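Notes for the one structure printed next.
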Ligand SMILES: Cc1cc2nc3c(=O)[nH]c(=O)nc-3n(C[C@H](O)[C@H](O)[C@H](O)COP(=O)(O)OP(=O)(O)OC[C@H]3O[C@@H](n4cnc5c(N)ncnc54)[C@H](O)[C@@H]3O)c2cc1C
């Protein structure tokens, strides 16, 4: 494919139970900015089953065009999705393809890049248009200790984008004009995988990535019994429980709650860190939170370096006091 053939930004929006995943809608924000600076448009692509509502969501968050490949065969993610996306890229020739860095996104991006011989960057946390008209993708390296700026020489080019890196725009109440949605049915080619059954893991039930409030506990909670205080604080705030790797390894809470380099990447409005030291491997997963409150008995704990509010104290005294005050406020 030559440079002159390709234009526009294709945003691949993953869906779950008929709804667009947050990261897909978040990616529309930088895509629209860059596309408008380049005088091109943004096409949302959805591959799955029952995509009508998700297509409406994509339109309300500003996609200019929506391509749906809606088929019962594509309900569960498989190599068929990669085959379909490859065909779509060949047909519609976007200059840039953005894919959420979810488990499936991390799988499909290199497969499609490999099949088409395209350059691919992963785990993008920021992007901007360079002076030469090429997009500069910023990605964390070495557990987030440094950020690297990357430019991809191929066109089209593929990037996976970390959830929570961009804010969703304000949704508009739009009707979905027929011409905006293109229903496609792409061939799969020679597929070797057959999905017999899909089993939902517990981790899918813990929706940390889309949570607005997260209360996380670390080793400083001391025991499984004490960890229940983290759950109680999360409950009164209507939030979700997170954890560092330490309590997961001690069996106080399931791995589905782990946040960090080898856990989930989150970006809630409010993150309360209880008895957490602030190791790089944890911080890399939550540093994108809007407002961070840290409770630690050690005033030199590194978590205070990134906290908006630091409370130096014993979690066993501070958390019950917080719960009591919040309950009073809500009464
Ligand atoms: C390859 C690799 C991947 C990793 N991936 C992850 C990951 O995804 N997520 C993750 O979290 N970690 C991960 N880790 C582990 C990480 O390096 C840290 O060991 C871990 O984050 C520490 O968890 P913590 O803060 O709960 O415990 P600690 O570092 O032990 O900190 C406990 C804190 O609690 C405070 N404290 C103790 N008692 C109290 C009290 N009563 N009141 C208030 N404060 C108290 C202490 O002052 C201390 O600061 C990874 C490590 C490696 C090598």
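Quick check on the chain: of the DSSP beta bridges with both residues there, what percent are antiparallel, nearest 5%? Close to 20 percent.
Build a GNM of the chain with springs between Cα atoms under 10 Å apart, and of 91, 106, 167 the one that fluctuates most is 91. In the stretch 153-274, the alpha-carbon atoms span a convex hull of 232 Å³ per residue.
In this structure, residue 290 and residue 90 have a Cβ-Cβ separation that, at R0 = 35 Å, corresponds to a calculated FRET efficiency of about 0.30. The distance separating the Cα centre of the stretch 185-254 from that of the stretch 118-138 comes to 30 Å. Simple spin-label estimate for residue 134 and residue 176 gives 3.8 nm between the two label positions (7 Å along the Cα-to-Cβ direction from each Cα). Subtracting the Cα-Cα distance of residue 298 and residue 149 from their residue separation scaled by 0.36 nm leaves 50.1 nm.
Could you work out which residue, out of 66, 191, 311, moves most in a Gaussian network model of the chain, that is, has the largest mean-square fluctuation with Cα springs under 10 Å? Greatest mean-square fluctuation among the candidates belongs to 191.
Residues 283, 125, 151 in ascending order of nearby Cβ atoms (within 10 Å, fewest first): 151, 125, 283.
For 116, 28, the sequence from fewest to most other C-beta atoms within 10 Å is 116, 28. Applying 0.36 nm per residue to the separation of residue 41 and residue 212 and subtracting their alpha-carbon distance, the gain on full extension is 58.5 nm. Over all alpha-carbon pairs in the stretch 22-92, figure out the percentage whose distance exceeds 17 Å. Of the Cα pairs, 47 percent sit more than 17 Å apart. Please state the shape class of the stretch 3-183: rounded when a/c is under 1.5, otherwise prolate if a/b exceeds b/c and oblate if not, all from the C-alpha gyration tensor. Because its axes are fairly even, with a/c under 1.5, the stretch 3-183 counts as rounded.
Applying 1/(1 + (r/R0)^6) with r as the Cβ-Cβ distance of residue 326 and residue 249 and R0 = 35 angstrom yields a FRET efficiency of 0.75. Normalising the Debye intensity of the chain to I(0), with uniform scatterers on Cα atoms only, and taking log10 at q = 0.13, 0.15 Å⁻¹ returns -0.99, -1.19.
Among 271, 92, a tally of other beta-carbon atoms within 10 Å of each Cβ gives an order, fewest to most, of 92, 271.
Fully extending the segment from residue 185 to residue 73 would add 39.2 nm, taking 0.36 nm per residue of separation and subtracting the current Cα-Cα distance. The distance separating the Cα centre of the stretch 10-47 from that of the stretch 294-326 comes to 38 Å. Dividing the helix sum by the residues of the chain, where each DSSP H run of 4 or more adds -39500 (n - 2.57), gives a mean residue ellipticity at 222 nm of -9000 deg cm²/dmol.
All of the numbers you see were taken from the coordinates with simple rules; none came from a lab. None of these values were measured; they are calculated from a predicted model. Here Cβ is always computed from backbone atoms with ideal geometry, including for glycine, and neighbour counts include all displayed protein chains.
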